[in-house]
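Comments concern the structure below.
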Amino acid sequence: MAFPKFIKKENDYEWIIDENYKKGMRVPAKIVASEKLVSEMDTQVFEQLTNVATLPGILKYAYCMPDGHSGYGFPIGGVGAFDLNEGIISPGGIGFDINCGMRLITTNLTIKDVKPKLKGLVDELFKQVPTGVGCKGFVKLSHNEFKDAIENGSKWAVEKGYGWKEDLEYTEEHGCMKEADANKVSNRAIQRGFNQIGTLGSGNHYLEIQHVKKENIYDLKAAEKFGLFPDQIVVMFHCGSRGFGHQVASDYLQLFLKIMESKYKIKILDRELSCAPFTSKEGQDYFSAMQCAVNMSFANRQVILHRIREVFSKMFGKSAEKLEMHQVYDVAHNIAKKEKFVIGNKYKEVLVHRKGATRAFGAGREETPAKFRQLGQPVIIGGSMETGSYLLLGTEKAEKETFASTAHGSGRTMSRAQAKRTWKGEQLQKDIEKKGIYIKTASYAGLAEEAGGAYKDVDEVVESTIKSGLSKKVARFIPIGNIKG
């Protein structure tokens, strides 16, 4: 398409839509991306982003990251920070898959160690980590036990024996948002989620065995700090809060639609941005319920990590400790959090909505684990199953410019329906195997939806975050084995 005339170039990687574009905009919109990526974004991204700019209490800009594409309410890749007293909270700014996120694990294994056992390893992971729509986990919980899990997150999982205490140190929020309150969650949500801890699910969720090539280590000092070395095998996976998070979002979206205008006189341009004042009872109830979904997702990824360690231990005849299967980090993508930033020469606490975006604190922030605090916060960028993924670092510039936010992945270029029309899953699986990537999937239709060609070029997305100063490159990982829902 022709480059939109209403988007003004600030520099090669920053683009502005000013407040005159749409009536009601309180702040400009800013897109951080290369010109190519902006020109390829669907026009709905710009409409959704400028709608976000009309929401009460929004600060500085409505942001879109380089992997941006249209979503529900906010574009995916959307970021908005709101004043705690005058601003709102919106499920459409967080997403249905609350705390969909990434986790990265190192090993002391090399490509030579793993290649001969790769198929067996992937097959066993596929058996032990449930995938696909409606899949259930091996962790059997009552509704009350599940309530304990969603209030305590990864901490609950580790205390139950699903992981190591050190895992908590290397998880965003230490794996638990502390204002979670299970009483703010519907029985329907609990019914949907209580048997799904330890499951990958479907859609763009995956578990991948990856190869660290020598030429793909860009920062030797940082890589060493994270336990990375040439020819190493690492494991990365991507999943969220499953049906539980979806129900939490749905419940409060419907509630906010009923009370938003009648009770709080808030008018919005898009029903998908239904919201409530953050300080209102309804806003606080959702914030507590959302944190339960965040914690469910942390517990889910923690249990999956435990299963991965068990599988590797079985396949290689050594304990996970001897295989040095340490967690590098776990980052959230779909979340709203209270964080402090310098605004007007003083620190101010704001509510940051990130929807398909990653927190990216620079060096020195106490929220970052002490081991690599002086490097910056780890940022894990997942690519498509045919390309590769990245480990990056957050920056001080990201803190100043985008409320410490950066990209989260490749970002789609076409709908799932279009992808299924373009590719056939069974043939795609064969084509990917010819590239040296062994894949197991619960659904050929689901595999077709996630074809590499349905996504943006992850290298260009990452380059945009680097050139704009929002991230620094540490390493790139090449997929060799993958399980998908």
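The values are calculated or read from the model by the stated rules, or taken from the named source; none is laboratory data. This one's a predicted model, so the numbers in the text were calculated from it and none came from an experiment. Here the Cβ positions follow ideal geometry from the backbone for every residue, glycine too, while neighbour counts run over all protein chains shown.
Just to be sure I understand the filter: pairs with C-beta atoms under 8 Å, separated by 6 or more residues or on different chains, first member in the stretch 228-252 and part of a helix (DSSP H, G or I), second member among the basic types (K, R). Which pairs pass?
R242/R192; G243/R192; F244/R192; H246/R192; Q247/R188; Q247/R192; D251/R188
Can you tell me which residues in the stretch 106-159 are over 30 Å from A180 (Cα atoms) and among the hydrophobic types (A, V, I, L, M, F, W, C)?
At the first step, the residues of the stretch 106-159 found to be over 30 Å from A180 (Cα atoms) are 106-127.
Correct list: L109, I111, V114, L118, L121, V122, L125, F126.
Pick from the stretch 69-102 the residues that are of a type in the set (G, A, S) and closer than 30 Å to V303 by Cα: which of them is surrounded by the most Cβ atoms within 10 Å (Cβ to Cβ)?
The residue in question is G77.
Which one of the conditions (1) under 26 Å from G201 (Cβ atoms); (2) of a type in the set (G, A, S); (3) part of a loop (DSSP other than H, G, I, E, B) does A293 fail to meet, given that it meets all the rest?
For A293, the exception is condition (3).
Given the criterion of a type outside the set (A, V, I, L, M), free of Cβ contacts under 8 Å to residues at least 40 places away in the same chain and outside any helix (DSSP H, G or I), identify the matching residue among E321, E282, E261.
Within the list E321, E282, E261, the selection yields E321.
Within the stretch 131-148, how many residues are hydrophobic (A, V, I, L, M, F, W, C), over 15 Å from K484 (Cα atoms) and surrounded by 14 or more Cβ atoms within 10 Å (Cβ to Cβ)?
Total meeting the criteria: 3.
Residues that are within 22 Å of the chain's Cα centre (by Cα): find the helices (runs of 4 or more DSSP H) completely inside the stretch 94-189 holding 3 or more of those.
143-159, 165-169
Which of the residues spanning the stretch 251-274 are of a type in the set (F, W, Y), under 21 Å from C292 (Cβ atoms) and more than 24 Å from the chain's Cα centre (by Cα)? Show your work before the answer.
First, pick out the residues of the stretch 251-274 that are of a type in the set (F, W, Y): 252, 256, 264.
Then drop every residue that is not under 21 Å from C292 (Cβ atoms), which leaves 252, 256.
Scanning the stretch 251-274 gives a single hit, F256.
Just to be sure I understand, how many residues within the stretch 403-421 are crowded, with 24+ Cβ neighbours inside 10 Å, in contact with a Phe, Trp or Tyr (Cβ under 9 Å, 6 or more places away or on another chain) and of a type in the set (S, T, N, Q)?
Number satisfying all stated conditions: 2.
One line per residue, one yes/no per condition, for (1) in the same structural domain as V294 (by TED's automatic domain parsing); (2) among the small types (G, A, S); (3) touching a strand residue (DSSP E or B) at 6+ places or on another chain (Cβ under 6 Å); (4) surrounded by fewer than 24 Cβ atoms within 10 Å (Cβ to Cβ):
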| residue | (1), (2), (3), (4) |
| --- | --- |
| V212 | no, no, yes, yes |
| N216 | no, no, yes, yes |
| A223 | no, yes, yes, yes |
| I233 | no, no, yes, no |
| S250 | yes, yes, no, yes |
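Are there strands (runs of 3 or more DSSP E) fully within the stretch 1-90 with at least 3 residues that are outside the structural domain of L257 (by TED's automatic domain parsing) and under 22 Å from C275 (Cβ atoms)? List them.
58-69, 76-83
Out of G481, G446, report the one residue that is within 23 Å of I105 (Cβ to Cβ), crowded, with 18+ Cβ neighbours inside 10 Å and not aliphatic (A, V, I, L, M).
One residue alone meets the criteria, G481.
Which condition number does D459 fail, the rest of (1) out of contact with any strand residue (DSSP E or B) (no Cβ under 7 Å at 6 or more places or on another chain); (2) crowded, with 16+ Cβ neighbours inside 10 Å being met?
Going through (1) out of contact with any strand residue (DSSP E or B) (no Cβ under 7 Å at 6 or more places or on another chain); (2) crowded, with 16+ Cβ neighbours inside 10 Å one by one, D459 breaks only (2).
Going by what's in this entry, would G175 be described as buried (at least 20 other Cβ atoms within 10 Å of the Cβ), in contact with a Phe, Trp or Tyr (Cβ under 7 Å, 6 or more places away or on another chain) and not assigned by TED's automatic domain parsing to the domain that holds L109?
Judged against the criteria, G175 is a match.
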